[in-house]
Amino acid sequence: MFKKLFLLSVLSLLFSTLIPAQKVILEGVEKAWLRGSGSITQNNEVAGYYFFYALKKKKGKRPYILEFYDKDLNKTATREIEGRRSLYLEQGAYDGENIMLQFYDRGLDEYTYAVYNQEAELLNTVNRPVFGYGNIENMAVEVSETPNTLFATPRSGFLTYTRESGRKIGYKIEYFNTDGSEGWEYVSDSKSKYNQLTGLLTLNDRVVVNLVGKSTRPNGRKMRYSLLGLDARTGEQRFEVAIQNEQYTVTLINGEIDEESGEMLLFGEYYPLNANQLKVPSLGMFTARIDARGQMSREKYISWAGDVSKFLPVNKRGQQVGKGFTWFHKVIQTEDGRVFAIGEQFRNVVDGAAVAGEVFVGVVAALLGGGYYGTGGNLMKMVVDDLVIYEFSPEFELIDVKVIEKDKVSLKLPGGDRYTTRVLGRQIEAYGLFGYAFTKVGENGKDFSVGYTDYAFEESRTGKTFFNTLSYQDGEYVENKVEISSAREVTASRVYPAKEGYIMIAEYFKKDKKIVNRLEKIGE
């Protein structure tokens with residue numbers, strides 16, 4: 001699995017202490033800031049973690065520390081890097097042999113992609129300009145399932161998604177092959193009359209399937225969507241098919257390839273045909289299948305008003321009464337063909353409304369590895385509410401809707417007054433402020449578990465933090481709760497996926513000037 005990941009040049013930090021097995025303490029955080037962190041996964045399993053710290057320096061280039069840990073939180077390597085003072089580590093991807101890191105220089109508005117092998121030899125670097133953090137973000141969110149633009153492939157390589165600037169906004173998909181052979185790139189038509197952006201929907205070792213959004217305006221109004229299938233080996237186009245019919249326009253949230261049949265399961269939301277999706281709410285959920293030639297079949301439209309209302313009190317805007325909208329985190333299919341869509345409710349509220357817990361974006365994002373997301377615009381107050389799971393039959397009939405109640409958490413988002421509901425949901429996700437942590441499917445393909453954090457504000461003035469797992473076993477839901485923090489000194493915390501049976505928790509102690517990363521066992 002992770003082996004001795006990145007035997008980089010070792011530099012011991014005076015302020016970093018490793019407690020043997022499963023806890024790391026970073027002290028003196030007045031002199032170091034976390035500029036990026038995340039988990040390294042392989043085959044949907046956590047193999048380790050990376051942390052990127054900026055050190056204090058008054059003049060000249062800023063020194064940075066890049067640290068790698070295995071799945072047991074044992075440090076495997078540390079490396080010192082010099083860079084501009086505006087450098088952040090946004091993403092990392094691991095293909096089983098090498099890792100690609102995506103750095104973002106806020107001052108230059110530029111990405112740097114760096115690939116390392118396990119012996120710390122630099123295999124490749126490439127710089128790409130970053131275009132637009134304004135209105136085009138509305139468009140970008142609508143075509144991407146996640147905020148990620150860097151992905152490992154099953155073929156020992158990496159995919160990157162960047163934007164192209166010209167008469168119209170375009171995109172570039174690049175494949176970097178780390179086995180020494182030449183990669184490929186796919187670039188949108190520079191002569192198109194549309195602004196175009198794309199995001200990865202799903203992939204395997206044969207095909208890369210992307211969702212493409214096209215609009216005459218960069219803010220994404222009246223977006224048209226299509227599925228673009230590329231050959232994973234050559235980058236040649238296999239198909240491009242529009243996703244709409246005579247009545248509706250569809251935006252996709254999730255796609256999963258059935259390796260046995262070669263078909264892809266699609267899940268998304270649908271809108272009135274040619275509607276302005278920045279203003280008009282969705283009519284409901286959409287499911288379908290598509291084969292390797294791009295032929296779509298078994299389309300199903302599940303409306304909020306006519307179908308979901310049989311299980312929950314919702315209005316035509318897709319809002320559960322008093323709960324707001326649903327942001328879908330994950331869609332999975334079990335061995336028996338049933339489909340489960342896991343989401344979380346959120347809504348905007350009038351500033352000053354009484355909500356038990358208040359979370360400040362700057363604390364969580366800046367101190368616990370949220371990266372750089374911008375701070376422009378006015379603050380909008382949002383509330384993150386309950387989890388919800390939609391269950392469908394193999395024929396995509398809505399079977400059940402399960403609501404998992406948890407304490408409300410309010411937060412204030414920068415620039416929130418400029419964005420649509422879907423973009424606000426992406427912001428909350430990017431800052432790590434949803435309660436949802438992960439979904440794991442059992443080896444038998446029949447069972448799954450959903451992990452999420454909850455705050456018991458009524459039980460304590462400062463609030464206790466619980467991590468909950470909701471397991472689906474033999475057709476029944478089983479809940480398990482573990483208290484992960486009750487210390488009054490904890491200023492902010494964030495949960496990461498971890499090895500089987502554990503979660504990794506990052507905690508910031510402002511008074512003690514330290515960050516603690518630790519593994520916590522969940523369940524038996």
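The values are calculated or read from the model by the stated rules, or taken from the named source; none is laboratory data. In this text, all values refer to a predicted model and were calculated from it rather than measured experimentally. Using ideal geometry, Cβ is built from the backbone for each residue, glycine included, and neighbour counts are taken over all protein chains shown.
Just a few scattered comments:
- Set Gln237, Gln244, Gln196: member being of a type outside the set (Val, Ile, Thr), surrounded by fewer than 21 Cβ atoms within 10 Å (Cβ to Cβ) and modelled with pLDDT of 85 or more: Gln237
- Exactly one residue out of Leu312, Leu266 is outside any strand (DSSP E or B) and among the hydrophobic types (A, V, I, L, M, F, W, C), and it is Leu312.
- For region 418-451, a residue qualifies if it is at pLDDT 70 or above, among the aromatic types (Phe, Trp, Tyr) and in contact with an Asp or Glu (Cβ under 8 Å, 6 or more places away or on another chain), and the qualifying residues are Phe434, Tyr436.
- Going through (1) buried (at least 19 other Cβ atoms within 10 Å of the Cβ); (2) modelled with pLDDT under 90; (3) among the small types (Gly, Ala, Ser) one by one, Ser190 falls short only on (1).
Residues checked against (1) more than 24 Å from the chain's Cα centre (by Cα); (2) under 30 Å from Ile302 (Cβ atoms); (3) of a type outside the set (Lys, Arg):
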position	(1), (2), (3)
Tyr194	yes, yes, yes
Val209	no, yes, yes
Ser226	no, yes, yes
Gln237	yes, no, yes
Glu240	yes, yes, yes
Asn245	yes, yes, yes
Val250	no, yes, yes
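- Close Cβ contacts (under 6 Å, 6 or more residues apart or on different chains) running from residues in region 48-71 that are within 15 Å of Arg35 (Cα to Cα) to residues that are of a type in the set (Phe, Trp, Tyr) and in a loop (DSSP other than H, G, I, E, B) comprise Phe68/Phe6.
- Qualifying positions in region 469-500 - at pLDDT below 85 and of a type outside the set (D, E, K, R): Val482, Ile484, Ser485, Ser486, Ala487, Val490, Thr491, Ala492, Ser493, Val495, Tyr496, Pro497
- Pair list, Cβ < 8 Å and 6+ apart or interchain, from region 461-486 residues that are of a type outside the set (D, E, K, R) and exposed (fewer than 13 other Cβ atoms within 10 Å of the Cβ) to residues that are assigned to a loop (DSSP other than H, G, I, E, B) and at pLDDT 85 or above: Gln473/Asp447
- Criterion: out of contact with any helix residue (DSSP H, G or I) (no Cβ under 9 Å at 6 or more places or on another chain), of a type outside the set (S, T, N, Q) and crowded, with 20+ Cβ neighbours inside 10 Å - qualifying residue of Gly284, Gly262, Gly268: Gly268
- Qualifying residue in region 197-211 (condition: hydrophobic (A, V, I, L, M, F, W, C), free of Cβ contacts under 8 Å to residues at least 40 places away in the same chain, within 30 Å of Asn177 (Cα to Cα) and outside any loop (DSSP other than H, G, I, E, B)): no
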